[in-house]
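Worksheet: the structure to be examined is printed underneath.
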Amino acid sequence: MFWLVETKEQLQQLPYNEEVFVELVLYHDKIHPALNCISCIYIRGIQDDKGYMLPVSHSEALSLQYEDVVQQLQQYNTIFVRDKKQFLYYFNLKGVKDINLINPVKVDCTTQAHELLYRKNHRVDYINTVIPISKHYERCEEIYNKVQPVFTSDIPDHFKFYNNDATKVFWYIEKQGIAVEHPEDCLDMANPQYSIGDGRIYTHYNLYTTTTRPSNAFNGINFAGLHKEDGTRKFIVPQNDFLLEIDINGYHPTLIANIIDYDLGNQGVYEHFAEVLDVPVQEAKELMFRQLYGGISKEYTHLTYFKEVDRLINDLWDDYREDGYVKCLLSDYKFDAYNIENINKQKLFNYYIQNLETSNNIRILKEILPLLTQKTKLVLYTYDAFLFDVSKQEKQVIQRIVDIFEQHRLKVKLSYGGNYDSLRRL
């Protein structure tokens, strides 16, 4: 059978496989998936000697109906992809496995046709529909060869958590988009059409980081690092009535307190430690940061919290030296010498807590997202802060969300405003 499948009859003649690899060819490689469309779909059985290209919209081929393609994909028990979160924008199917959550594979496959046409026409938002379809096929075959070893790799303990939960919650946040007003006044973007459409800007949560703490940058904008002081944030506005930020107070000290079963009381986290240390609140915050991320100083090990943290750091290091890895709480992710470069006990502890932060947030997000409506939305996540676009008619939803944080033994503060730069405390 020829590699190009252009009709429903040809589609039905594809060799049956329980497990396949699928690569999406979108209209443009650099445009956000929320603003993008499918040009072609590459499918290859994991034990087959070649793949097949299914055109959905390409200048050189007849177009298959999207519904027929969905029906075909539903027949497979397992679909391996390189980015499940991206795949969810177009297909919400069972049995999808993200290769990079099993064993990350660096893939930089291209062809001269891709390089030449992108260099001359990178602003054309449908460029992949005119790049020769044979070149897309050539590129996809090369990608398959690069990722093929992963198909038979052992599934890591953390895979289910990240593949089933992390991909879905961050896909949900991404696809909402963030309402913007005059972004050109605040952002230096060479190609705004890559991430802005219909009055919204789209973010990208990268789940394939060393600590598993997702970064959030797209099209040259680091959404996790927007400055509070220079007015950069003012371009982010509500699509509804107001923005509301729920910020977790002293997140890492609280997570650690929960691990070591330390009671922080009812006051704020840093207010508590200001009393314990007999210093002003800001000084307590700075001191906590130095102790947790730089190592516990001996002068504080007589205090219960720091003594137990020091013990936790040493216990984790002992586990690593004995077993060769440390398994994280909630996610079952393993840190070892393979995924932590130049590992030492303080670095191991820092990564361990960052992983717990992300895992705990994923668990919280799973509880929050079903409460949200077509109006009130969660539009931005930045580690210890969650930004909501709120409708006044649905303010009761916010209290239910706050209750979820409190049920997880977290203290939060709320801020609201007419744009992201002018939030003020409630």
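The values are calculated or read from the model by the stated rules, or taken from the named source; none is laboratory data. Bear in mind that the values here come from a model prediction, so they are computed numbers and not experimental data. A quick note on method: Cβ atoms are made from the backbone with ideal geometry, for glycine too, and the neighbour counts reach across all protein chains shown. For the accessible areas, the whole protein counts, side chains as well, though only heavy atoms, and no ligand, DNA or RNA atoms are used. Shrake-Rupley method; radii C 1.70, N 1.55, O 1.52, S 1.80 Å.
Comparing Cα centroids, segment 157-218 and segment 80-105 end up 16 angstrom apart. Derived scalar couplings between HN and Hα for segment 218-223 equal 7, 6, x, 10, 8, 6 Hz in order, rounded to whole Hz, by the Karplus curve 6.51 cos²θ - 1.76 cosθ + 1.60 (θ = phi - 60°), x for Gly and Pro. Taking Cα atoms only, the orientation of helix 251-260 departs from the longest principal axis of the chain by about 70 degrees. Only helices enter the 222 nm calculation for the chain: every DSSP H run of n ≥ 4 contributes -39,500 (n - 2.57), and dividing by all residues gives -10500 deg cm²/dmol, rounded to 500.
Share of Cα-Cα pairs in segment 241-365 beyond 27 Å, in percent? Walk me through the intermediate numbers first.
Details: 1763 of 7750 pairs.
Value for segment 241-365 (Cα pairs over 27 Å): 23 percent.
Rounded to whole Å, the principal axis extents of the Cα atoms in segment 228-299 read 50, 26, 20, largest first. Angle of helix 395-407 to the longest C-alpha principal axis of the chain, folded into 0 to 90 degrees and rounded to 10: 70°. Spatial offset of segment 354-426 relative to segment 273-295 amounts to 27 Å, using the alpha carbon center of each. For segment 75-168, pairs of C-alpha atoms spaced more than 23 angstrom apart make up 37 percent of the total.
Given a cut-off of 20 Å, what percent of all Cα-Cα pairs of segment 145-295 lie beyond it?
Values: 7541 of 11325 pairs.
The proportion of pairs with Cα distances above 20 Å equals 67 percent.
Solvent-free Debye calculation, one equal scatterer per alpha-carbon of segment 31-71: log10 I(q)/I(0) at 0.16 Å⁻¹ equals -0.50. Given a 1.4 Å probe and the protein chains as shown, Y208 ends up with an accessible area of around 80 Å².
Expressed in units of 2.2 N^0.38 Å, where N is the residue count, the Cα radius of gyration of the chain is 1.10. The heavy atoms of C140 offer some 0 square angstrom of accessible surface to a 1.4 angstrom probe.
Rounded to two decimals, the Cα-based Rg/Rh of segment 40-109, with Kirkwood Rh, is 0.96.
How many Å² of accessible area per residue for the chain, probe 1.4 Å?
Numbers: 20250 Å² over 426 residues.
Using a 1.4 Å probe on heavy atoms only, each residue of the chain averages 48 Å².
Computed from backbone phi, the HN-Hα couplings of segment 295-302 come to x, 6, 6, 4, 5, 10, 6, 7 Hz, rounded to whole numbers (Karplus: 6.51 cos²θ - 1.76 cosθ + 1.60, θ = phi - 60°; Gly and Pro given as x). Ranked from largest, the principal axis spans of the Cα set of segment 164-225 equal 36, 21, 16 Å. If you look at the Cα atoms of segment 307-426, you get an Rg and a Dmax of 18.4, 56 Å. Rolling a 1.4 Å probe over the protein heavy atoms of the chain, with every protein chain left in place, gives an accessible area that is 44 percent carbon and sulfur.
Taking a temperature of 25 °C and a viscosity of 0.890 mPa s, what whole-number D in µm²/s does Stokes-Einstein yield for segment 101-150 with Rh from Kirkwood over alpha carbon pairs? Don't jump to the answer; show the numbers that get you there.
Working: Rh = 12.1 Å.
My calculation gives 203 µm²/s for D.
With the gyration tensor restricted to C-alpha atoms of segment 13-151, the semi-axes of the equivalent ellipsoid amount to 23, 17, 15 Å, longest first. In a simple Cβ point-charge model (Lys, Arg +1; Asp, Glu -1; nothing else charged), segment 200-321 has a dipole of about 620 debye relative to its Cα centre. Derived scalar couplings between HN and Hα for segment 106-119 equal 7, 10, 10, 6, 7, 9, 4, 5, 4, 4, 5, 6, 5, 5 Hz in order, rounded to whole Hz, by the Karplus curve 6.51 cos²θ - 1.76 cosθ + 1.60 (θ = phi - 60°), x for Gly and Pro.
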